[in-house]
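This report concerns only the one structure given below.
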Amino acid sequence: MFTFRSLILSERMRSFMMIVILVVFVAFGVQIILNESNLTTQIFYVVFLSFFTFFFVLSEVLRFMHRKMVYALNIKVDHPKALYWLSKVQKFDLIKEYQQTYVVFKTLYHRDLGEFDELKKTLEHLIFQRSSSLKLIDKVNRFYIAIEEKNDEQVQSLYKDIYDAYFIKTKKSHTPRYVYDIHQISADYYIYKKNASKAHDELQQVLLDRLNPREQTYYYVSFAKYSQLKQKGTDLVYWNKAKEIAPNVHHVVNYVKES
């Protein structure tokens, strides 16, 4: 089974291989330069080698910082640390390779912290119209904003759009990446509609062991809300599970206030 540990090991192996490739390339390049008698050609090779080495190293450094950012947000659920690494990526991303990453990260960040006005501003970015995957991210976030604002019409309309994106077949080029669990979204929709039976059916289909800790906090809070609807008296058990992972995120902090 794929685990975060296996991901770390694969990333370490990749980093090792990239270092080997760089060393071999630089050594080969230096050898060519030393064997070249023409000064102009030597200068050209030095410039090319320097240019390649700089951007190769920069790319690997950015990748490392990006992994740190993702780990801080999704595994440690440490938003200040994740924001710190995001600022580092932005500072060193000279060719804007991670521009999409910044914007998508902000949707996760603002929703987690309950900063819905900031989330709305983020979703105004034109990047969310570039692909079917980004359009789906836009709709899912607007769906949760509508739930927060108790906008029944928007909740209904956006849920239909999201559901259709998952289950109505389209051309492969138009098929979005399903980065959200549709059963979690459906459970939240039925909880909003106060349909405990359907919410339970959807929650039962969420594969908890495939969720990262950040996603698990949403699952546990949703299960707590379902339990409250059923008046099982066990909702705080699930809320406490979410609280153990991330006590300061919006949906955990505000659950008791809403109860």
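The values are calculated or read from the model by the stated rules, or taken from the named source; none is laboratory data. Here the structure is a predicted model, which is why all the values come from computation and not from measurement. Cβ sites come from the backbone with ideal geometry, for glycine too, and all protein chains shown count toward neighbours. Ligands, DNA and RNA are stripped out before the accessible areas are found, and what is left, the full protein with its side chains, is counted by its heavy atoms. Shrake-Rupley method; radii C 1.70, N 1.55, O 1.52, S 1.80 Å.
Taking first residues from region 142-170 that are open to solvent by 80 Å² or more (accessible area, probe 1.4 Å) and partners that are modelled with pLDDT under 95 and of a type in the set (Ser, Thr, Tyr), no Cβ contact under 7 Å between residues at least 6 apart in sequence or on separate chains turns up.
Quick one: in region 77-108, of everything that is part of a loop (DSSP other than H, G, I, E, B) and under 20 Å from residue 254 (Cα atoms), which residue is farthest from the chain's Cα centre (by Cα)? The selected residue is 78. Is it true that residue 86 is closer than 27 Å to residue 242 by Cα, surrounded by 13 or more Cβ atoms within 10 Å (Cβ to Cβ), of a type outside the set (Gly, Ala, Ser) and at pLDDT 80 or above? Criteria met by residue 86.
Each residue in region 207-226 was checked for being more than 15 Å from residue 191 (Cα to Cα) and of a type outside the set (D, E, K, R), and 7 of them qualify. Name, by its number, the condition in (1) loosely packed, with under 12 Cβ neighbours inside 10 Å; (2) modelled with pLDDT of 80 or more that does not hold for residue 2. Residue 2 satisfies every listed condition except (2). Being farther than 24 Å from residue 77 by Cα and of a type in the set (A, V, I, L, M) holds for only one residue in 127, 147, and it is 127.
Where helices (runs of 4 or more DSSP H) fall wholly inside region 176-259, the ranges with 3 or more residues that are hydroxyl-bearing (Ser, Thr, Tyr) and open to solvent by less than 20 Å² (accessible area, probe 1.4 Å) are 213-229.
For region 109-116, the criterion of being in contact with a Leu (Cβ under 9 Å, 6 or more places away or on another chain), in a helix (DSSP H, G or I) and open to solvent by 60 Å² or more (accessible area, probe 1.4 Å) is met by no residue.
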